Every structure is written in structure tokens, then in C-alpha cells.
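Each remark here refers to the structure printed beneath this line.
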Number of protein chains: 2
Amino acid sequence: MSDDLTPRARRLRDAGHKLTHARLTVLAALEDSGGHITSSEVLERVNLVDHTIGRASVFRTLDLLTSLSIIRPTYLHSSMTPTYVLLPDGHHHHFICTRCNRVIEFDDCGLAQIETDLEARLHVKLTGHLLEFYGLCERCAAESTFTPSTTESAS
Amino acid sequence: MSDDLTPRARRLRDAGHKLTHARLTVLAALEDSGGHITSSEVLERVNLVDHTIGRASVFRTLDLLTSLSIIRPTYLHSSMTPTYVLLPDGHHHHFICTRCNRVIEFDDCGLAQIETDLEARLHVKLTGHLLEFYGLCERCAAESTFTPSTTESAS
DNA sequence: ATACCAATTGAGATATAGTATCAACAGGGT
DNA sequence: ACCCTGTTGATACTATATCTCAATTGGTAT
């Protein structure tokens, strides 16, 4: 019963999953990164630590962690690869500039009450949430004040 | 100036983009679907209407619409393909069961005040938001009350 | 209408991401 | 230590998205 596990590792085990080397390595890679990491980056980090871990296991672990609301895939950059965010307390919030892809994170969301209401209303058991705001960051908003595309001077 | 455009088409044009056949077709496909549609499904629908429209244009349009906060990619099923949701009034909210992937949508979110605060605090211009709740739906919650994995017959 | 120009397109080759398969292996309860 | 079952890793394979660039088209000025 060595309980020197990280909280997330414990959640994995408590949900009935084995704490395998591959899974713990993926989890460590995610935690080291601090979140906002793509699957390719996870693959890369995992490979540095132990190149015998297969790609399939990494993807399987990402899916597993997602189903446990430990991480959540989201789109930040291209429409190709998801970026995984850690959900420290089951939730995460950020702002994404849809022009330059800058991400601003923040903590408070004031959704506790809404969550409670929703559980009762939809008869569901919530494990977390992700709140994404998007728009233009300060700089991009200023730039698009001039002209939409190729900032041509209006004569 | 034929203004018999859909509101979303107008937003496209107002943002300085051309209303091309390809773009309008993709937009129509999205609107017909009602949202929660994968890129493959969009491709398929577009192809039915006009098979001369290239894949690249479909993806380009999806990215463009995303950058305008007209749609938003999100993960519902696998970690492979994003599912696009329409953002009718710039926002969207849903609950996703992390076990069976069922999606429950709902309208109210009470985030108007939070949005206003955030704009002032982060000095950004918000165009929309996506609020995802996840957890277990009623049925899945009931099932996992018994045994984690092999829960087949509830006697 | 017509002409013009830049934004946009389409085709498909290419790159990238994720999945399927299955024998071999290892976690963890007994 | 043993066993059972969940899990793994290798790789071939499929699915998905991007790149390139000549050709086209939307929209505006004429």
C-alpha cells in the first residue's frame, strides 16, 4: 500500500485501472508540462523518458484520462491536433484569441452554483467543466480597428 | 446589395471575407446539420451538394468560421476528429457523458455578467464562449454504482 | 456591363495523427 | 509465487488535415 502516489494517479487506481508504467509516464509528462500540451508533445516527452513505450499506449492513456475528467482535449491552434489541458480541480477556464491564438488562463469562474443547479435539473453527476472564452486579445483588437485584412490605406 | 443573406453569411462578409460558393456551401451544411457535426460529415454533405468543392476549401472554411466564433470545434467522441458546434448567439453549452458520450444541450448559462467582468479585467474583446460540463449521465451514473467495469446484468 | 486584381479555389500528393491487431507481458489480489 | 485479466508495444493501416500553385472567381471600380 505505498500511498506515495500523486492525487491523479490515485484517481486512476480508484477508478479501477492499473497503475502501469506507461500510464504513470504519460501522466508525469502531462503534469510536467503544466497543461496546454498537444498529443505530439506528450509523445515526445514520453519518448525521452522511455522510448519503449508505444504510441498506442500514449493515446489510450490520453483517452482514459479524458474519460476520468483528469484532462480535457480542446482546440487552440490548428484543427488538427487537440491540446490537452489539466483540470486541477475538475475545471479549467481560459480565453483564446481567435486571431493570434494567445491563451490567457484564469481561475475563478463562479460556476459552482450553476453546477449544482444543473446536476439537479439534468439528473447527471458532474465531474468537471471547461469554460472557454474567445475573442480578440488587446493587441489584436487594436490592430483590427484599422482594416480587416491587408491593412490598406483608405484613400 | 442583395441582402438576402443569412446572418452568419453576413458576418463573414462584414469581417472582410468573400462570400464564395465553397464557403456558403459549407455554411449551409453546418446550418442544416444543426451542429455537433464532424469535419467528415461536413465534407460528405458538401460533396452531395457539389462534388467539385475541394476538401482543402472545406477545412479552410471551418478554420475561418472558427476564427470568427461562428462555430467552435470540440471533442465529443474520439480524440481523433473534432465535432463542430454552431454558436447561434456566440455561445453554446452542453453536458457530455464521459462514459457513453451522450450530449445534453441547454441554453441558459448566466455568464453574461461574467463576460462583462472578464472583458474589463483582461482587456479583451469577447465574441463568444463555450461551456462544457462533463460527468456521468443518469444511466451511466446508475450503472457505475454497482461495479466499475464488468457491469452487465443488474439483477 | 466589363475589366481588373487580389483573395480564394481545387486537385491530389504529402504529411501527420490516431487506430486495429494480437501475441506477450505485468499489475495486483490471493 | 501464482494466476487471471487488463494492458502493452510493434507495426501496418486508415483517417485526417495541409501544402502548393496554376486557374478561377468575387466584388469593386470603371
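What does the copy distance list look like for A:ALA15, label position 7 Å along Cα→Cβ, in nm and ordered from shortest?
Output for A:ALA15: 3.4 nm, nearest copy listed first.
Roughly to the nearest percent, how much of the accessible area of the protein assembly as shown is carbon and sulfur, given a 1.4 Å probe?
In the protein assembly as shown, the share of accessible area belonging to carbon and sulfur is 52 percent.
Probe of 1.4 angstrom, ligands and nucleic acids ignored: what's the accessible area per residue over chain B, in square angstrom?
Result: 53 Å² per residue.
Placing unit charges on C-beta atoms (Lys and Arg positive, Asp and Glu negative, everything else neutral), compute the dipole magnitude of the stretch B:1-136 about its Cα centre in debye, rounded to 20.
480 debye
Let's see if you can work this out: charge +1 on each Lys and Arg Cβ, -1 on each Asp and Glu Cβ, no other charges. What is the dipole magnitude of the protein assembly as shown about its Cα centre, in debye to the nearest 20?
I would put it at about 800 debye.
May I ask which residue of A:THR83, A:SER33, A:LEU19 lies farthest towards the positive end of the charge dipole of chain A, with charges of +1 (Lys, Arg) and -1 (Asp, Glu) on Cβ and the Cα centre as origin?
My answer, from the dipole projection, is A:LEU19.
Amide H neighbours of A:THR127 under 5 Å, counting only residues 5+ apart in sequence or on other chains, H built in-plane at 1.01 Å?
B:TYR134, B:GLY135, B:LEU136
If you put a point 7 Å past Cα along the Cβ direction, how far is that point for A:GLU44 from the same point in each other copy, in nm, smallest first?
Those separations, rounded to one decimal, come out as 3.5 nm.
State, to one decimal in nm and shortest first, how far the label point of B:MET80 sits from each corresponding label point in the other identical copies (label point: 7 angstrom along Cα-to-Cβ).
Result, one decimal in nm: 1.8.
Which whole-Hz ³J(HN,Hα) couplings does the stretch A:126-139 yield from phi under the Karplus relation 6.51 cos²θ - 1.76 cosθ + 1.60, θ = phi - 60°, glycine and proline marked x?
In residue order, the calculated couplings are 7, 10, x, 7, 10, 10, 10, 10, 9, x, 10, 6, 3, 5 Hz.
Relative contact order (percent) for chain A, with alpha-carbon contacts under 8 angstrom and 6 or more residues of separation?
17 percent
For the interface of chains B and A, what total accessible area is buried with a 1.4 Å probe, rounded to the nearest 100 Å²?
By this definition, chains B and A bury close to 3800 Å².
What angle, in degrees between 0 and 90 and rounded to the nearest 10, separates the Cα long axis of helix A:39-49 from the longest principal axis of the Cα atoms of chain A?
For helix A:39-49, the angle is close to 50 degrees.
The values are calculated or read from the model by the stated rules, or taken from the named source; none is laboratory data. Keep in mind that what you see is a predicted model, and the values were worked out from it rather than measured. Here the Cβ is made from the backbone with ideal geometry for all residues, glycine too, and neighbour counts use every protein chain on show. Accessible surface areas use protein heavy atoms only, side chains included; no ligands, DNA or RNA. Shrake-Rupley method; radii C 1.70, N 1.55, O 1.52, S 1.80 Å.
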